[in-house]
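Worksheet for the structure shown next.
The values are calculated or read from the model by the stated rules, or taken from the named source; none is laboratory data. Model, not experiment: these values are computed from the prediction. Every residue, glycine among them, receives a Cβ derived from its backbone with ideal geometry; neighbour counts consider all protein chains shown.
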Amino acid sequence: MTQETILDIVREGLFTIIWVAAPPLLMGLAAGLIISIFQTITSIQEQTLAFIPKILAVLLSLILFGPFMIDRLQAYIEYLITNLPNFITPR
């Protein structure tokens, strides 16, 4: 296995992680930003107010983007399994 092959596997893995983690993180970030703006406008400084909308936003993103996330993970696993003979080379 060459260094280029290892770098390709790691690069694809990192891109897969980013694509799978991005939807819930971005939805949680958006919900937190909206709640923060609402708290600033209304002068409500309750810290626990932001948790429930963030949790709901992440759950909603998992429901909406779940099939996309599973497809990305499945494509990466298929890439690894189908190219496994190419990765293992005798020395």
Per the list (1) loosely packed, with under 11 Cβ neighbours inside 10 Å; (2) at negative phi, residue check on SER43 breaks on (2)
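Each row is one residue, and each column tells you yes or no for (1) touching a residue at least 60 places away in the same chain (Cβ under 8 Å); (2) part of a helix (DSSP H, G or I); (3) of a type in the set (S, T, N, Q).
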position	(1), (2), (3)
VAL10	no, yes, no
THR16	yes, yes, yes
ALA21	no, yes, no
PRO24	no, yes, no
MET27	no, yes, no
ILE35	no, yes, no
GLN39	no, yes, yes
ILE52	no, yes, no
ILE55	no, yes, no
Scanning the stretch 10-31 for residues that are over 9 Å from the mean Cα position of the chain (by Cα) and surrounded by fewer than 12 Cβ atoms within 10 Å (Cβ to Cβ) gives VAL10, ARG11, LEU14
By residue number, the members of the stretch 40-55 that are small (Gly, Ala, Ser) and either modelled with pLDDT of 90 or more or within 21 Å of MET27 (Cα to Cα) (or both) are ALA50
When THR89 is run through (1) outside any helix (DSSP H, G or I); (2) polar (S, T, N, Q); (3) touching a Lys or Arg at 6+ places or on another chain (Cβ under 8 Å), the failure sits at (3)
